[in-house]
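Asks: To start, I am sharing the structure in question, which I have written as C-alpha cells.
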Amino acid sequence: MKLDYSVIMPFMPVFLEGAWMTVKLSVLSLALGLVLGIIGGLCKTSAIWPLRAVANLYTWIFRGTPLLVQLFILYFGLPQLGITMGPFQAGVLGMALNTGAYVTEIVRSGLTAVDRGQSEAASALGMSRSVALFRVIGPQAIKVIIPPLVNQFIMTIKNSSMVSLVTITELFRTGESVIVSTFRSFEVYTVIAIMYLIMTSLLMIVAKQLEKGMSAHDRA
Amino acid sequence: MIELNQVNKSYGKHQVLFDINLTIAKREKVVILGPSGSGKSTVLRCINGLETIQSGDIRYEGASVLGDKAMRKLRLEVGMVFQRFHLFPHRTALENVMEGPIWVKGMKKHEAKELATDLLAKVGLSGKEDSYPGKLSGGQQQRVAIARSLAMQPKAILFDEPTSALDPELVGEVLSVMKEVAAEGMSMVVVTHEIGFAREVADRIVFMDQGKVIETGTPDEILDRPQHVRTQSFLSRILK
Ligand SMILES: Nc1ncnc2c1ncn2[C@@H]1O[C@H](COP(=O)(O)OP(=O)(O)OP(=O)(O)O)[C@@H](O)[C@H]1O
Ligand SMILES: [Mg+2]
C-alpha cells in the first residue's frame with residue numbers, strides 16, 4: 001500500500017480532539033504533580049522526621065512501580081474497595097502522583113544543591129525557615145531545578161499515552177479508531193507522533209525562555 | 001551580655017568543645033585566638049545556634065537561648081560575619097543589605113533602601129550598590145557582608161575569620177571597617193589570626209586549643225606575657 005496522508009485528513013478533527021484531551025490531562029497532572037513535588041521536596045529536606053518518612057515512602061512506592069500498574073490500581077482496583085473514579089479522574093490522579101514523586105526528588109536535590117552557608121547566613125540574619133526558603137534558598141534552587149523539571153514534564157506528556165488503557169480517548173487512542181476505518185497505521189501513528197512532538201517542543205521553548213530570563217543576572 | 005557556661009559540644013563521638021566558659025560584656029571586644037581545629041568557629045556557631053550543644057548553657061541578656069524564643073531574639077540582635085562571606089549571589093549589594101531589615105524586621109522598602117545606601121557608603125562601597133556579589137572583590141564582598149549585618153542594627157557581631165579568605169592586599173580594607181565598627185561601641189567577638197588587630201582593638205583575648213580555653217587576658221598579658229606553653233608556641237609560630 002502506498003503512503004497516502006489524504007485518506008486520514010478527514011479525521012483531523014478526531015485527532016485534534018484527542019490531542020486536546022492529552023493537553024488537558026497533561027496540564028492538570030503537571031500542575032498537581034508540581035504542587036505535590038514541591039511539598040514532597042520540602043518534606044524531604046525538613047528537620048521533622050515523620051515528614052521525611054512520609055515523603056520517602058511516597059517516592060519509594062511511586063518511583064518503584066510502573067505508572068501503568070498505578071493507573072490500573074486506581075481505576076480497576078479501587079472500585080473493589082468501594083472507591084470509584086471516572087477514567088479522567090483516575091488518569092489525572094495517577095499521572096499527578098507519579099510525576100509528583102519524581103518532582104519531589106528534583107526539588108530535594110535542588111534545595112540541597114544550594115550552599116549550606118546560604119541558609120546559615122539567612123539564619124544569622126534572623127530569618128525564619130520559610131522566609132529563608134522564599135528569599136534565599138528557593139530562588140537559587142530554581143536554577144538547578146528547572147532543567148530536570150522540564151525533562152520530567154516531557155516524560156509526563158509522553159506517558160499520558162498510557163491512560164488510553166484506562167479507557168480515556170486521548171491522542172494515542174484516537175489512532176485506533178481512525179485505523180479501524182482507514183487501515184492506515186503508518187500515516188496515523190506518524191501524525192500522532194508529530195502532534196506529541198509539537199506539544200513537547202512548545203514546552204521546551206517555554207522552558208528555554210524561562211532559563212534565559214533567570215540567568216540574566218547570574219553570578220560571575 | 002553573652003555568657004557561655006560549661007558548654008560541651010560534640011559531633012557524634014568526636015568532642016570538639018570542653019567546658020567552655022566565656023562572658024562577653026556590652027561594648028566589649030573579645031578576640032579568640034587558637035590553632036586550626038581548636039574549636040573557635042564552633043564557639044561562635046554555638047552562640048547563635050548554628051550548632052546545637054550537648055550540655056551547658058548559653059545565655060543572652062540573662063535568658064538561656066536554648067529555647068526557641070530567646071534564640072530568635074539573639075539572632076535579631078547578634079549578627080555574624082563569615083569567613084566566606086555568604087552573600088546572597090542572586091541579589092545586588094544593596095539588596096543584600098536591605099534583605100534583613102525588610103524580611104525580618106518588616107521595614108518599609110524605601111527606608112531599607114536609604115539605610116542600605118548609607119551603610120554601603122560607610123563601608124566605602126558607594127557606587128557598588130547595583131553590583132552582584134560575583135562582580136566584587138573578596139574585600140568588597142566582606143564589606144557588603146558587614147553592612148548586611150549592621151543593617152539589622154545589632155548589639156553584637158560575631159566575626160569568624162573575616163579576613164582569612166582574602167588576598168593579603170585586601171585584608172586592610174576589611175580590618176579598617178571593623179575598627180570603625182568597634183570604635184562606635186559595638187560588642188564584638190572576633191576569631192582572627194590578625195595579631196595587630198587583636199592588640200589594637202581587643203579588650204580581652206581568649207586563647208583556645210583542642211576545644212578548651214587555655215587562657216584569657218588583656219592583649220598585653222596574652223601577647224607579651226603568655227603564661228601557658230601552648231599559647232607561647234602558638235604565638236611564636238604565627239609571629240614568625
Ligand atoms: N560539621 C562538622 N562535623 C564534624 N566535625 C566538625 C564539624 N565542624 C567542625 N568539626 C570539627 O570540630 C573541630 C573544631 O572545628 P572548628 O571549625 O571550630 O575549628 P577552628 O578553630 O574554627 O579552626 P579553623 O582555624 O581551621 O577555622 C575540628 O576538629 C573539626 O574537624
Ligand atoms: Mg574556623
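The values are calculated or read from the model by the stated rules, or taken from the named source; none is laboratory data. Not measured: the values here are computed from a predicted model. Note: ideal-geometry Cβ built from the backbone for every residue, glycine included; neighbour counts use all protein chains shown. Each accessible area value is taken on the protein alone, full model and side chains, heavy atoms only, with ligands, DNA and RNA left out. Shrake-Rupley method; radii C 1.70, N 1.55, O 1.52, S 1.80 Å.
Asks: Based on the Cα atoms of chain A, what semi-axes does the equivalent ellipsoid have, where each is the square root of 5 times one gyration tensor eigenvalue, given in whole Å with the largest first?
Replies: Values: eigenvalues 311, 106, 24 Å².
Semi-axis lengths for chain A are 39, 23, 11 Å.
Asks: So with the 1.4 Å probe, I'd like the accessible area per residue for the stretch A:63-107, rounded to whole Å².
Replies: Working: 2040 Å² over 45 residues.
Averaged over the residues of the stretch A:63-107, the accessible area is 45 Å².
Asks: Moving to a separate point now. Distance check, please: which entries in B:Lys26/B:Lys73; B:Lys155/B:Lys179; B:Lys108/B:Lys179 exceed 18 angstrom between their Cα atoms? Present the calculation step by step, with values, prior to reporting the outcome.
Replies: Numbers: B:Lys26/B:Lys73 16 Å; B:Lys155/B:Lys179 16 Å; B:Lys108/B:Lys179 30 Å.
Violating the 18 Å limit, Cα to Cα: B:Lys108/B:Lys179.
Asks: How large is the direction-averaged shadow of the alpha-carbon convex hull of the protein assembly as shown, in nm²? Before the final figure, lay out each step's value.
Replies: Values: hull surface 119.4 nm².
Result: a mean projected hull area of 29.9 nm².
Asks: Continuing with this model, one more query. At a 1.4 Å probe radius, carbon and sulfur cover how many percent of the accessible area of the stretch A:37-133?
Replies: Numbers: 3220 of 4690 Å².
Looking at the stretch A:37-133 in its full context, I get 69 percent from C and S.
Asks: Residue-wise, which Karplus ³J(HN,Hα) couplings in Hz belong to the stretch A:160-171, taking 6.51 cos²θ - 1.76 cosθ + 1.60, θ = phi - 60°, and x for glycine or proline?
Replies: 4, 4, 5, 5, 4, 6, 9, 6, 8, 8, 9, 3
Asks: While we're looking at this one, here's another question. Which value, in Å² and to the nearest 10, is the accessible area of B:His193 when all protein chains are kept and the probe is 1.4 Å?
Replies: Its accessible surface works out to 80 Å², give or take rounding.
Asks: Another question, then. If each DSSP helix of 4+ residues adds -39,500 (n - 2.57) and the sum is divided by the residues in chain B, what number results at 222 nm, nearest 500 deg cm²/dmol?
Replies: Numbers: 8 runs with 90 residues, N = 240.
About -11500 deg cm²/dmol.
Asks: How much solvent-accessible surface does A:Arg129 expose, in Å² to the nearest 10, with a 1.4 Å probe and all protein chains in place?
Replies: That residue has around 130 Å² of solvent-accessible surface.
Asks: Here's another thing I want to ask about it. Work out from phi, with θ = phi - 60° and the Karplus expression 6.51 cos²θ - 1.76 cosθ + 1.60, the ³J(HN,Hα) of each residue of the stretch A:49-60, listed in order in whole Hz, and give x for Gly and Pro.
Replies: Listing the rounded values in order: 5, x, 5, 4, 5, 4, 5, 5, 4, 4, 5, 4 Hz.
Asks: Still on this structure, I have one more. I need the fraction of alpha carbon pairs in the stretch B:1-155 separated by more than 23 Å, rounded to a whole percent. Intermediate results must be reported in sequence, preceding the final value.
Replies: Values: 5373 of 11935 pairs.
So the pairs more than 23 Å apart make up 45 percent of the total in the stretch B:1-155.
Asks: Follow-up question, since we're still on this one. Report the normalised scattering of the stretch A:1-109 as log10 I(q)/I(0) at q = 0.14, 0.21, 0.23 Å⁻¹, calculated by the Debye formula with identical scatterers on the alpha carbons.
Replies: The Debye formula, applied to the Cα set alone, gives -0.67, -1.06, -1.16.
Asks: With a cut-off of at most 15 other beta carbons within 10 Å, and DSSP calling the residue loop, which chymotrypsin sites (Phe, Trp or Tyr not before Pro) in the stretch A:122-199 qualify? Please list them. Please list the in-between numbers first.
Replies: Numbers: sites: A:Phe134, A:Phe153, A:Phe172, A:Phe183, A:Phe186, A:Tyr189, A:Tyr196; in loops: A:Phe183.
For chymotrypsin sites (Phe, Trp or Tyr not before Pro) across the stretch A:122-199 that sit outside H, G, I, E and B with at most 15 neighbouring Cβ atoms in 10 Å, the list reads A:Phe183.
Asks: Return the single residue from A:Ile106, A:Ile205, A:Ile146 with maximal mean-square fluctuation; model: Gaussian network over chain A, springs between Cα atoms under 10 Å.
Replies: Result for chain A, Cα springs under 10 Å: A:Ile205 fluctuates most.
Asks: While we're on this one: Working with all protein chains in place, sort A:Cys43, B:Cys46 by solvent-accessible area computed with a 1.4 Å probe, largest first.
Replies: Details: A:Cys43 30, B:Cys46 5 Å².
Order by accessible area, largest first: A:Cys43, B:Cys46.
Asks: Rounded, prolate or oblate, given the Cα gyration tensor of the stretch B:1-87, with a/c below 1.5 counting as rounded? Intermediate results must be reported in sequence, preceding the final value.
Replies: Details: a/c = 1.36, a/b = 1.14, b/c = 1.19.
Note, shape of the stretch B:1-87 comes out rounded.
Asks: To two decimal places, what compactness ratio does the stretch B:140-198 give when its Cα radius of gyration is scaled by 2.2 N^0.38 Å? Intermediate values should be presented prior to the final figure.
Replies: Values: Rg = 10.8 Å, N = 59, 2.2 N^0.38 = 10.4 Å.
Its radius of gyration relative to the 2.2 N^0.38 Å reference: 1.04.
Asks: Ignoring ligands, DNA and RNA, please state the percent of accessible area on the stretch B:1-153 from carbon and sulfur, probe 1.4 Å. Before the final figure, lay out each step's value.
Replies: Details: 3110 of 6460 Å².
On the stretch B:1-153, the fraction of accessible area on carbon and sulfur atoms equals 48 percent.
Asks: Given H placed 1.01 Å from N in the peptide plane, which residues other than close sequence neighbours of B:Phe88 have an amide H under 5 Å from its amide H?
Replies: Those qualifying (amide H under 5 Å, at least 5 residues apart or on another chain) number zero.
Asks: Further question: Non-local amide H neighbours of B:Lys29 (under 5 Å, H modeled in plane, Pro and chain starts lacking H): which ones?
Replies: Answer set, sorted by chain and number: B:Met188, B:Asp203, B:Arg204.
Asks: I'd like the antiparallel share, as a percent to the nearest 5, of DSSP beta bridges with both residues in chain B. Working shown, then result.
Replies: Working: 19 of 36 bridges.
The answer is about 55 percent antiparallel.
Asks: Would you mind classifying the stretch B:106-206 by shape? Square roots of the alpha carbon gyration tensor eigenvalues, ordered a ≥ b ≥ c; an a/c under 1.5 is rounded, otherwise it is prolate if a/b is larger than b/c and oblate if not. Don't jump to the answer; show the numbers that get you there.
Replies: Values: a/c = 2.34, a/b = 1.37, b/c = 1.70.
Oblate, because a/c is 1.5 or more while a/b does not exceed b/c.
Asks: If you take the accessible area of A alone, add that of B alone, and subtract the area of the pair, what total do you get in Å², probe 1.4 Å, to the nearest 100? It would help to have the intermediate numbers written out before the result.
Replies: Working: alone 12610 and 11350 Å², together 21920 Å².
Separately minus together, A and B give about 2000 Å² buried.
Asks: Once phi is turned into θ = phi - 60°, what whole-Hz ³J(HN,Hα) does the Karplus curve with 6.51, -1.76 and 1.60 give for every residue of the stretch A:184-191, x standing for Gly and Pro?
Replies: 3J(HN,Hα) across the stretch A:184-191, in whole Hz: 10, 4, 4, 4, 4, 6, 5, 4.
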